[in-house]
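Let me begin by presenting the structure, written as structure tokens, before commenting on it.
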2 protein chains.
Amino acid sequence: MGDWIDAVAWNSDGLVPAVAQDAASGEVLMLAWMNREALERTVASGEAHYWSRSRKALWKKGETSGHVLRVKEVRMDCDADAIVLSVESTKGIACHTGRRRCFFRRLEARGARREWVETDPVLADPGSFRDG
Amino acid sequence: MGDWIDAVAWNSDGLVPAVAQDAASGEVLMLAWMNREALERTVASGEAHYWSRSRKALWKKGETSGHVLRVKEVRMDCDADAIVLSVESTKGIACHTGRRRCFFRRLEARGARREWVETDPVLADPGSFRDG
């Protein structure tokens, strides 16, 4: 089946979505995108790397913030078009807003309406870093 | 902030990636895509609906297999461009291959090489359904 990385079904932009899940708590921390180089570097270094679609650049998670994600396990799905990383969130902050995880909003019913409610506290000043 | 669904940052195809996580075990079961209607139906019905990019059609997870995902919680991330569903996998099978989860392949080192290794057993005959 060739090299392991050739098994990934990259999308038309050469990217694959990668979910980072906290290895200890099981919480889904973030979803970001990887190109081939980001996944290769993630596996080689044991630290999560991504492709920024807005900045069109490779980035290492935590390169400015220090909020590195240490990778324990890499999984791929049945269609080979999604990745799950089991990670250790070294500083306990995975979101660029200074929260534990990016998924800090929960949909809640308020009478007949529904709204997104923030459930997680800000743990660090988000002004001090820009890459989460 | 308008209606809750308008807060979602749909991509250029009108889609958002949605991760389904088992509410009991914490396992990431699958990643699939939703359009606006799929998310509305998911929230209204309490059962996961998706948009099939290959079939270009709305589908309810389990509509032919019975492997319905009952939704306990819906979360959105900081950039509003990813969703996490906390779900009950009613039949314990979320993958169209008949496995518990779609992420049944783990990257493992074999000497100097790496390869994807299947870690999860097939629990149901995948010939009996096509929608997982």
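What the table shows:
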{"item": "Of all accessible heavy-atom area on region B:1-91, the percent that carbon and sulfur account for (1.4 Å)", "result": "44 percent"}
{"item": "Helical mean residue ellipticity (222 nm; -39500 (n - 2.57) per DSSP H run of 4+; nearest 500) of the protein assembly as shown", "result": "-2000 deg cm²/dmol"}
{"item": "Test item: A:103-111 mean partner chain Cβ contacts at 10 Å", "result": "5"}
{"item": "Peptide B:23-32 - average C-beta neighbours from other chains (10 Å radius)", "result": "4"}
{"item": "Residues of the protein assembly as shown: accessible area per residue with a 1.4 Å probe, Å²", "result": "44 Å²"}
{"item": "Nearest-first distances (nm) between copies at A:ALA24, label 7 Å from Cα via Cβ", "result": "2.7"}
{"item": "Within a Gaussian network of chain B (alpha carbon springs, distance under 10 Å), most fluctuating of B:ASP13, B:ASP120, B:ASP22", "result": "B:ASP13"}
{"item": "In sequence order, calculated HN-Hα J values of region A:77-86 (Karplus, 6.51, -1.76, 1.60; Hz; x Gly/Pro)", "result": "8, 4, 8, 6, 10, 8, 10, 10, 9, 8"}
{"item": "From phi via Karplus (6.51, -1.76, 1.60), per-residue ³J(HN,Hα) for region B:48-53 in Hz, x at Gly/Pro", "result": "5, 10, 9, 10, 7, 6"}
{"item": "Chain B: angle of helix B:36-45 to the longest principal axis, Cα-based, in degrees nearest 10", "result": "90 degrees"}
{"item": "Calculated FRET efficiency for the pair B:ALA24/A:THR119, C-beta based, R₀ 30 Å, to 0.05", "result": "0.95"}
{"item": "Eligible aspartates and glutamates near B:LYS56 by straight Cα distance, threshold 12 Å, same-chain separation 8 or greater", "result": "B:ASP13"}
{"item": "Residue of chain A whose Cβ sits closest to the axis mapping A onto B, with distance in whole Å", "result": "A:GLY26, 1"}
{"item": "Computed over chain A: relative contact order in percent, which uses C-alpha pairs under 8 Å that are six or more apart", "result": "22 percent"}
{"item": "Teacher prompt: B:ALA80 distances to equivalent labels in other copies, 7 Å Cα→Cβ, nm", "result": "3.6"}
{"item": "For B:VAL68, residues with placed amide H under 5 Å, excluding near neighbours", "result": "B:THR90, B:LYS91"}
{"item": "Region A:22-71 versus region B:17-38: alpha-carbon centroid distance in Å", "result": "20 Å"}
{"item": "Total accessible surface hidden between A and B, rounded to 100 Å², 1.4 Å probe", "result": "3600 Å²"}
{"item": "Protection proxy ranking of A:95-105, A:71-81 - average other beta-carbon atoms within 10 Å, highest first", "result": "A:95-105, A:71-81"}
{"item": "Long-range HN-HN contacts of A:VAL87 with modeled amide H, under 5 Å", "result": "A:GLN21, A:ASP22, A:ALA23, A:LYS72"}
{"item": "Other copies of A:GLU108: label-to-label distances in nm, shortest first, labels 7 Å along the beta-carbon direction", "result": "4.4"}
{"item": "Cα gyration tensor shape of the protein assembly as shown, rounded if a/c is under 1.5, else prolate or oblate by comparing a/b with b/c", "result": "oblate"}
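The values are calculated or read from the model by the stated rules, or taken from the named source; none is laboratory data. Here the structure is a predicted model, which is why all the values come from computation and not from measurement. Glycine gets a Cβ as well: all are built from the backbone with ideal geometry, and neighbour counts include every protein chain shown. The accessibility values were calculated without ligands, DNA or RNA, using every heavy atom of the protein model including side chains. Shrake-Rupley method; radii C 1.70, N 1.55, O 1.52, S 1.80 Å.
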